[in-house]
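What follows is a short report on a single structure.
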Amino acid sequence: MNAVVEAVRAVEETPWVMPTLDYKLLAPILIILGAGVVSVLFEALLPRAARRPAQLVLVFVSLVAALVSIIALQGSRSLSGRGALVVDGPGLIMQGTIVIIAILGAMLMAERGLDPSGDAFAARASALPGSEDERQFTARGYFQTEIWPFFLFAVGGMLLFPVANDLLMMFVALEVMSLPLYLLTGMARRRRLLSQEAALKYFVLGAFSSAFFLYGAALLYGYTGTISFPGIAAAVSSTTGQTGLLLVAVALLGAGLLFKIGAAPFHQWTPDVYQGAPTPLTGFMAAAVKIAAFGALLRLFYVALGGMRWDWAPMLWVVAILTMLIGSVIALTQSDIKRMIAYSSIAQAGFILVGVVAATPAGLAGALFYLIAYAFTTIGIFAIIMMVRDENGEATHLSKWAGLGRRSPFVATIFAVFMLSLAGIPLTSGFIGKFSVFTAAIAADDTWLVIVAVIASLIAAFFYLRVVVLMFFTEATDETAEVAVPSVFTTVALAAGATVTVLLGIYPQPLLDLIINAGVFVR
Amino acid sequence: MNSFPWLTVLGAVPLVGSVIVALLPKSRPLLAKQIALAFSIIVLGLTIAIALQFNGSTSEPFQFVEYHQWIPAFGVTYSLGVDGIGLVLIALATVIVPITILAGWNDVEEPNAESVGSVKGYFALILALETLMIGVFAATDVFLFYVFFEAMLIPVYFMIGRYGGAQRSYAAMKFLLYSLLGGLFMLAAMIGLFVVSGQLTGRGTFNWFELVGLDIDPTTQKLLFVGFFFAFAIKAPLWPFHTWLPDAAGAAKPGTAVLLIGVLDKVGTFGMIRYCLPIFPAASEYYAPIIIAMAVIGIFYGAFVALGQNDLKRLFAYSSMSHFGFIALGIFVFTTIGQSGSVVYMLAHGLSTAALFLTAGFLMQRHRGSSLLSDYSGVNKPAPVLAGFFLFAALSSLALPGLVSFVGEFMVLLGTFQRYIWIGALATLGIVITAAYVLRVYQKSMTGPVGSGLDAIKDLRGREITALVPIVVLSIFLGLYPAPVLNVVNPAVDTVMSVIGATDPAPTVGSTSITSEGTQQ
């Protein structure tokens, strides 16, 4: 009892010091979160008709401003906020990619030319599905512009996630990123019950995983007496003996983060959420959340827990193997393109983990390259899924893709390129990505993991190519969907995704240089 | 030594042609064919120009060398160059492509229930494939080779899957997955090689010249060799990795089958000579007995199955498998004659496969597309010219003396006898079965009473004869005078032999005179 009183008194007697904040280092995050606040005010103050244009201008201007400030920070390697945040090369690369993906994702979300009744989001999320209210709102052509503040806050959280340098900041970032996404998931315009079910599942399971993370953070604090990553690293490497508590803490923290990247066995939410969420959001989420969460995972395991690689590597080996195999095997049986891509994203997370396990600079570089390549391909894939439609909206059932190559050879060819990239065929970005993580893994003596990855790649190739077979080798039927002509928004996003996918496959050196020059995490 | 980037230009021309053909409007199928043919003939001309400049007597094994950085982060270079082996195979590819285009002029109809692809698409794919074939034989960087090796699958996948016959979708998928399986293991081995080279030299590399000089420890060699060999054995294909081939050949158009078996599968045996042997000499020696056993089993297995086949395209696929056994045998007996023979055999097999598949294709086209042997008999009465070419193709396949296939087969067997007399004797028996099934096919389909529905079939047209004549001329010319090929192949094989440190066994009295005569030295 006395000890506690002592501790409390000690805390009370420590003078509170105002943390010095380097605003330049925090500029990208502050711009986006500030824009989020302004965006809320827009919703409250602007007349209905003015909201969408104002929000779009705000979103794109703030994202571009954030991108510019990230580029301006290039080369920085310093701590901020009394060590709670760290700005370094890998962190900046991830932030930059997230912002670019957010720009492309916002373009998909702003698309209004595909669905005759509006965009991909419900006219009023509060109206009960199938109710008279819903019909009224749709008939009056209402739009839910509240998606934009949610979107901005989610992006803000994502930018914070990979640069968080202590456990508390990481948790805050995790929640800031996740909460708006839970809401957005439930806002699909069509098949609303599916969407709301997905949102609830995502929220419940996400809250569960956050609890895991928090519990792990508490245990790790209990073990090391600090929440800052460098402090944890020092404590981990200096202590010996009793590591039971530490291992439990690492497992719980890992579970929380692995949930976010959709790694097995924490992947069950992925197919439902990918399928139920509005497609542009799925595309944005699939690409950006993966980068942000992998960024956090990499920083936690490389910086804070780098000294105990031999303890966590076996755990990640098992997770990587499970993730690759479960993702690619279950994807074989999917008949809905969004669910198939969801399982594919699980398998891809497994391949990235192969690079993460290496715990070397090459592993970090490989994982970064893979993430960037994957993100652009994914945005492109969902842009096309948005465009392939029949009278009931997006035609996500695979049977409706039969013969698409005859109907719309150009779009089908681009989609085939995306599939080949995910399958890791040379001359696409996916191949270079696989190559870099496999190289890192073999150099770190994880040859057996690469053998498993190779087998999983083959299984995965089967379902990717099955889509190609459907589109090109099968006759079109009456069921075959049409490709709607999108507005400039989706066109730009699709073009960006396709260009990067091919360019990184043929000439990856500039990006590799950027990643290598970015160096490693600040410890 | 040569500043003009011949090989890059050679590879780029068909790619340009492919893009042009693909961009043509769908309503101009004839123009697409004409442009494709024109481009393939330009490429052939360029190849001849390169071949004429190739100096067979210089000590420099690789010529037309190009070297540029590509992905320095991974030690990857864009480096090209040809030795005699590469040159011969590029020549084979560039000869076969125009022949295929000409022979397959009317193979692809406008889209109908049977096929789902457009005419221009087929010819664009052939040209794209030609670029990749040139690249794969010209690459002197393992990574670059791998990129071509894997990228090559995609056009073939579409050629089978979009333009093939029944079961095309299944056959295309099987082909692609089998090849990817091999390719992915090769990828793992290739990365392993990169890492090992980094450990040995301090800087990882994929450059062939640097990799050949490495002294990799035998245990590592054995592991990496398996990855590479597995990919090549599937590609070639050797027994027991062959099951994709009959399906693919059976479902493909005759032209596709010619490119697939005649040229693409040679990448497997080419890879063994170019990569497996020089980079992993100790492992090659270690595994040679197993591979020779696989090759001999393949010779007999392929021949026996061919003997019992009723489907012509599948029959030729199995017969090719038997021939690939001979090629692999010649490579892994480690004698100069054997390896030179294998290269000649690759060339000869490409030509004879083209002749077989194309004449059979012409025949099938005239008879409702049936590929069943039992549907044909007595064709030589209504169509004597077709039957004549078919006989030639058959004789070329069984290696009649005077044809280039005889030179290849004879040298391979001679090389085998030098090293393993009993294996040589056994393999020679394979020729007998080859003769049996080839002649059986000819006898059943071409001779005897004219089968029902066959009495009215038309003989070969001018275009079809034009496509076949170059094959006949080349086969006979090189069969009687193989020196032009051997002069460029022998120095390349000598280099391979010296890199792997193998020496020919001391000649025994009886074979001395034949040896010097057979190799034209």
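The values are calculated or read from the model by the stated rules, or taken from the named source; none is laboratory data. Small disclaimer: the values here were computed from a predicted structure and weren't measured. Ideal geometry is used to build each Cβ from the backbone, glycine not excepted, and the neighbour counts take in all protein chains shown. For the accessible areas, the whole protein counts, side chains as well, though only heavy atoms, and no ligand, DNA or RNA atoms are used. Shrake-Rupley method; radii C 1.70, N 1.55, O 1.52, S 1.80 Å.
Out of all the residues in the range A:374-390, which are open to solvent by less than 10 Å² (accessible area, probe 1.4 Å) and either within 14 Å of chain B (Cβ to nearest Cβ) or not in a helix (DSSP H, G or I) (or both)? Selection gives A:VAL388 alone.
Listed by position, the helices (runs of 4 or more DSSP H) inside the range A:391-459 whose residues that are open to solvent by 10 Å² or more (accessible area, probe 1.4 Å) and aliphatic (A, V, I, L, M) number at least 2 are A:409-423, A:429-443. Selection of the range B:160-173 for residues being among the hydroxyl-bearing types (Ser, Thr, Tyr) and at the interface with another protein chain (Cβ under 8 Å from one of its Cβ atoms) yields only B:SER169. Beta carbons closer than 9 Å, at least 6 apart along the sequence or on distinct chains, pair a first residue in the range B:192-203 that is over 12 Å from A:ALA444 (Cα atoms) and away from chain A (no Cβ under 11 Å) with a second that is open to solvent by less than 20 Å² (accessible area, probe 1.4 Å) and among the aromatic types (Phe, Trp, Tyr) for B:SER197/B:PHE206. Note on the range A:331-371: residues that are part of a strand (DSSP E or B) and crowded, with 24+ Cβ neighbours inside 10 Å total 0. Put simply, of A:ALA263, A:ALA296, A:ALA288 the only residue that is crowded, with 21+ Cβ neighbours inside 10 Å and either part of a loop (DSSP other than H, G, I, E, B) or of a type in the set (Ser, Thr, Tyr) (or both) is A:ALA263. Exactly one residue out of A:ILE321, A:ILE291 is farther than 25 Å from A:MET169 by Cα and of a type outside the set (Lys, Arg), and it is A:ILE321. Among the residues that make up the range A:127-147, is at least one of them buried (at least 23 other Cβ atoms within 10 Å of the Cβ) and in contact (Cβ under 8 Å) with a residue 40 or more places away in the chain? Within the range A:127-147, one or more residues are buried (at least 23 other Cβ atoms within 10 Å of the Cβ) and in contact (Cβ under 8 Å) with a residue 40 or more places away in the chain.
The residue list B:TYR157, B:TYR122 contains one member that is within 11 Å of chain A (Cβ to nearest Cβ) and not in a loop (DSSP other than H, G, I, E, B), which is B:TYR157. Pairs are defined by a Cβ separation below 7 Å, a sequence spacing of at least 6 or placement on different chains, a first member in the range A:402-417 that is free of Cβ contacts under 8 Å to residues at least 60 places away in the same chain and more than 11 Å from every other protein chain (Cβ to nearest Cβ), and a second member that is part of a helix (DSSP H, G or I) and crowded, with 19+ Cβ neighbours inside 10 Å; the pairs so defined are A:PHE415/A:ILE384; A:PHE415/A:MET471.
Considering only the range B:296-312, I want to know if a residue exists there that is touching a strand residue (DSSP E or B) at 6+ places or on another chain (Cβ under 9 Å) and surrounded by 24 or more Cβ atoms within 10 Å (Cβ to Cβ).
We begin by selecting, within the range B:296-312, every residue touching a strand residue (DSSP E or B) at 6+ places or on another chain (Cβ under 9 Å); these are B:310-312.
Then drop every residue that is not surrounded by 24 or more Cβ atoms within 10 Å (Cβ to Cβ), which leaves B:312.
So far as the range B:296-312 goes, yes, one or more of its residues are touching a strand residue (DSSP E or B) at 6+ places or on another chain (Cβ under 9 Å) and surrounded by 24 or more Cβ atoms within 10 Å (Cβ to Cβ).
Out of all the residues in the range A:508-517, is one or more within 9 Å of chain B (Cβ to nearest Cβ), farther than 30 Å from A:LEU73 by Cα and in a loop (DSSP other than H, G, I, E, B)?
Initially, the range A:508-517 is screened for residues within 9 Å of chain B (Cβ to nearest Cβ), giving A:508-509, A:512-513, A:515-516.
With the extra rule that they be farther than 30 Å from A:LEU73 by Cα, the set shrinks to none.
Taking every residue of the range A:508-517 in turn, none turns out to be within 9 Å of chain B (Cβ to nearest Cβ), farther than 30 Å from A:LEU73 by Cα and in a loop (DSSP other than H, G, I, E, B).
Looking for something part of a helix (DSSP H, G or I) and either touching a strand residue (DSSP E or B) at 6+ places or on another chain (Cβ under 9 Å) or polar (S, T, N, Q) (or both) - is there at least one such residue anywhere in the range B:248-263? Looking for residues that are part of a helix (DSSP H, G or I) and either touching a strand residue (DSSP E or B) at 6+ places or on another chain (Cβ under 9 Å) or polar (S, T, N, Q) (or both), one finds at least one in the range B:248-263, hence yes. Among the criteria (1) of a type in the set (S, T, N, Q); (2) out of contact with any Lys or Arg (no Cβ under 8 Å at 6 or more places or on another chain); (3) surrounded by fewer than 24 Cβ atoms within 10 Å (Cβ to Cβ), the one B:SER396 does not fulfil is (3). The single condition from (1) in contact with a Phe, Trp or Tyr (Cβ under 6 Å, 6 or more places away or on another chain); (2) assigned to a helix (DSSP H, G or I) that B:VAL407 fails is (1). For the range A:479-507, residues that are within 13 Å of chain B (Cβ to nearest Cβ) and either touching an Asp or Glu at 6+ places or on another chain (Cβ under 8 Å) or surrounded by 18 or more Cβ atoms within 10 Å (Cβ to Cβ) (or both) total 3.
Any residue at all in the range B:57-71 that's closer than 30 Å to B:THR336 by Cβ, without any contact (Cβ under 8 Å) to a residue 24 or more places away in the chain and outside any loop (DSSP other than H, G, I, E, B)? Yes: the range B:57-71 contains one or more residues that are closer than 30 Å to B:THR336 by Cβ, without any contact (Cβ under 8 Å) to a residue 24 or more places away in the chain and outside any loop (DSSP other than H, G, I, E, B).
For the range B:272-330, what are the residues that are without any contact (Cβ under 8 Å) to a residue 12 or more places away in the chain and more than 29 Å from B:LEU358 (Cα to Cα)? I'd like the intermediate steps shown before the answer.
To start, the set of residues in the range B:272-330 that are without any contact (Cβ under 8 Å) to a residue 12 or more places away in the chain comprises B:289-290, B:293, B:308.
Listed by number, the residues that qualify are B:PRO289, B:ILE290, B:ALA293.
Within the range B:65-104, the residues that satisfy the criterion of being open to solvent by 10 Å² or more (accessible area, probe 1.4 Å), away from chain A (no Cβ under 14 Å) and over 22 Å from the mean Cα position of the chain (by Cα) are B:VAL65, B:GLU66, B:TYR67.
With respect to A:VAL303, is the statement that it is more than 30 Å from A:PHE121 (Cβ to Cβ), assigned to a helix (DSSP H, G or I) and open to solvent by 10 Å² or more (accessible area, probe 1.4 Å) true?
No: the conditions fail for A:VAL303.
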